[in-house]
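A short worksheet on the structure shown next.
The values are calculated or read from the model by the stated rules, or taken from the named source; none is laboratory data. Note that this is a predicted model, so its numbers are computed, not measured. Heads up, the Cβs are rebuilt from the backbone with ideal geometry, glycines too, and the neighbour counts pull from every protein chain shown.
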Amino acid sequence: MPLKLEDKQAIVTQVAQIAGQAHSAVVAEYRNMNSAAMTQLRVQAREDGVNLRVVRNTLARRAVKNTDFECLGEVLVGPVFLAFSMEEPGAAARVISKFVKSNEKLIVKGLSLGGQFLPATQIDAVAKLPTYSEAVSKLMAVMQAPVTKLVRTLAEPQAKLVRTIAAIKAVKSSE
């Protein structure tokens, strides 16, 4: 059933709003996938904060125009869907990468991160990006390391003196 102009405009506006707030996007072809597999993918995406949209390619191209995901226009061919990461840059790539391992019918066509087009082969690299909490904990560990090392360095002369006195005491008591 053909869509009315108002419906098409609403879809373009809705997808453009999602694209404007998203951190990254993945385009994947779902040809020959059954509805149960697609439903399973949608549930997993929803749980991980990923917005999955099946949109006509011409409408999708219009929706991503003038956004960071405009570079995906050339891979919007055939039966594809857009997966937008709303919370973390690697979320959509993690969901799709995990799902591809159990369902070979899903084919990744490309992804966009920070306005750059990445080929489908890069999905695992993007999927391995740390989450926000992991990145913060790594940053805190890096920031804390020099302070910890300084404290250990400042405490070492006293600790060495204590060990030397203990060794002299042990030698004197054994004589």
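Let me confirm something: among PHE81, PHE69, which residue is under 13 Å from HIS23 (Cα atoms) and of a type in the set (Phe, Trp, Tyr)? Within the list PHE81, PHE69, the selection yields PHE69. Looking across segment 9-18, the residues that are among the polar types (S, T, N, Q) and either surrounded by fewer than 13 Cβ atoms within 10 Å (Cβ to Cβ) or within 19 Å of ALA93 (Cα to Cα) (or both) come down to THR13, GLN17.
The lone criterion from (1) under 21 Å from VAL15 (Cα atoms); (2) surrounded by fewer than 18 Cβ atoms within 10 Å (Cβ to Cβ) left unmet by SER112 is number (2).
Out of the residues in segment 19-66 that are surrounded by fewer than 17 Cβ atoms within 10 Å (Cβ to Cβ) and β-branched (Val, Ile, Thr), state the one that is farthest from ALA92 (Cα to Cα). For segment 19-66, the residue satisfying everything is THR58.
Look at (1) modelled with pLDDT of 85 or more; (2) over 30 Å from ALA36 (Cα atoms); (3) assigned by TED's automatic domain parsing to the domain that holds GLN40 and you find that GLY114 fails only one, number (1).
Taken as a whole, the condition of being under 20 Å from ASP48 (Cα atoms) and among the aromatic types (Phe, Trp, Tyr) does not apply to PHE117. Kindly indicate whether any position in segment 53-73 is within 23 Å of VAL12 (Cβ to Cβ), acidic (Asp, Glu) and either assigned by TED's automatic domain parsing to the domain that holds GLN17 or more than 11 Å from the chain's Cα centre (by Cα) (or both). Yes, segment 53-73 contains at least one residue that is within 23 Å of VAL12 (Cβ to Cβ), acidic (Asp, Glu) and either assigned by TED's automatic domain parsing to the domain that holds GLN17 or more than 11 Å from the chain's Cα centre (by Cα) (or both).
Every condition in (1) out of contact with any helix residue (DSSP H, G or I) (no Cβ under 8 Å at 6 or more places or on another chain); (2) part of a helix (DSSP H, G or I); (3) buried (at least 17 other Cβ atoms within 10 Å of the Cβ) holds for GLU6 except the one numbered (3).
Conditions tested, residue by residue: (1) without any contact (Cβ under 8 Å) to a residue 40 or more places away in the chain; (2) among the polar types (S, T, N, Q).
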{"position": "LYS98", "(1), (2)": "no, no"}
{"position": "GLN122", "(1), (2)": "yes, yes"}
{"position": "ALA127", "(1), (2)": "yes, no"}
{"position": "THR148", "(1), (2)": "yes, yes"}
{"position": "LYS172", "(1), (2)": "yes, no"}
